[in-house]
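This is the structure I have questions about; it appears just below.
No lab work stands behind these numbers, since they all come straight from the coordinates. Predicted, not measured: the structure shown is a model, and the values here were computed from it. Cβ placement follows ideal geometry from the backbone for every residue including glycine, while neighbour counts extend to all protein chains displayed.
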């Protein structure tokens, strides 16, 4: 097993950062009139995923860490919703959103696995 010395060593954080890069690349193609709407919202939500993983890692208790991981899960669902909406209102084609949604699915599984593992090792 790899040694974890920092949140930057966590695969889940690395994948969250990768997702954010994908979201920024994808949203560059959104219409200019969405700059302060969907573009801003999807970018902030994607940044929030990695930021909450990092912030939770830095907390002193497992319970606090779990809370931040759950917030990251919520932000991930927000990104998914924005991507689906972008497709439904024809801001972005499904062939562009599908690979990003596949990344959100994988990241969601990783977050859930980390949460379950931490819950199993949490003091009662």
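Select from 29, 87, 74 the residue whose mean-square fluctuation is largest in a Gaussian network model of the chain (Cα-Cα springs shorter than 10 Å).
For the chain, modelled as a Gaussian network with Cα springs under 10 Å, the answer is 29.
For residue 102 and residue 33, FRET efficiency with R0 = 30 Å and r from the beta-carbon atoms, rounded to 0.05? Please list the in-between numbers first.
On the way: r = 28 Å, r/R0 = 0.93.
For residue 33 and residue 102, the calculated efficiency is 0.60.
What is the angle, in °, between the Cα long axis of helix 94-120 and the longest principal axis of the Cα atoms in the chain? Nearest 10 is fine, range 0 to 90.
10 degrees
Can I ask one more? Hey, fewest Cβ within 10 Å first, where do 48, 64 land in order?
Details: 48 20, 64 13.
If I rank by nearby Cβ atoms, fewest first, I get 64, 48.
If you don't mind, there's one more thing I want to ask. Pick out which of 28, 15, 70 has the largest mean-square fluctuation in a Gaussian network model of the chain, springs linking Cα atoms closer than 10 Å.
28
Still on this structure, please answer the following. Which residue, 78, 55, 33, has the most motion in a Gaussian network model of the chain that connects Cα atoms within less than 10 Å?
Checking each option, the largest mean-square fluctuation is seen for 33.
Using only Cα atoms and rounding to the nearest 10 degrees, what angle (0 to 90) does helix 11-27 make with the longest principal axis of the chain?
The angle comes out near 10 degrees.
Continuing with the same structure: Taking the simple approach of a point 7 Å from Cα along Cα-to-Cβ for both residue 116 and residue 59, what is their distance in nm?
According to this spin-label approximation, the distance is 2.1 nm.
Follow-up question, since we're still on this one. State the extension gain, in nm to one decimal, for the chain segment bounded by residue 109 and residue 44, taking 0.36 nm per residue of separation less the distance between their alpha-carbons.
Working: separation 65, 0.36 × 65 = 23.40 nm, distance 2.11 nm.
Full extension of this stretch gives 21.3 nm more.
Could you grab the relative contact order for the chain? Cα pairs under 8 Å, six or more apart, rounded to a whole percent.
Numbers: 110 pairs, mean separation 34.0, N = 124.
Here the relative contact order equals 27 percent.
Working from Cα positions, state the angle (0 to 90°, nearest 10) between the long axis of helix 62-88 and the longest principal axis of the chain.
Rounded to the nearest ten degrees, it is 10.
Taking percent of Cα pairs over 17 Å apart as the quantity of interest, determine which of (i) 55; (ii) 82; (iii) 49 was computed from the displayed structure.
Answer by label: (i).
Given 0.36 nm per residue, what is the gain on full extension from residue 6 to residue 25 after removing their alpha carbon distance, in nm? Write out the running numbers ahead of the final one.
Details: separation 19, 0.36 × 19 = 6.84 nm, distance 2.68 nm.
Extending this stretch completely gives an extra 4.2 nm.
Can you sort 94, 80 from fewest to most other Cβ atoms within 10 Å of each residue's own Cβ? List each step's numbers first, then the result.
On the way: 94 12, 80 19.
Ranking 94, 80 by Cβ neighbours within 10 Å, fewest first, gives 94, 80.
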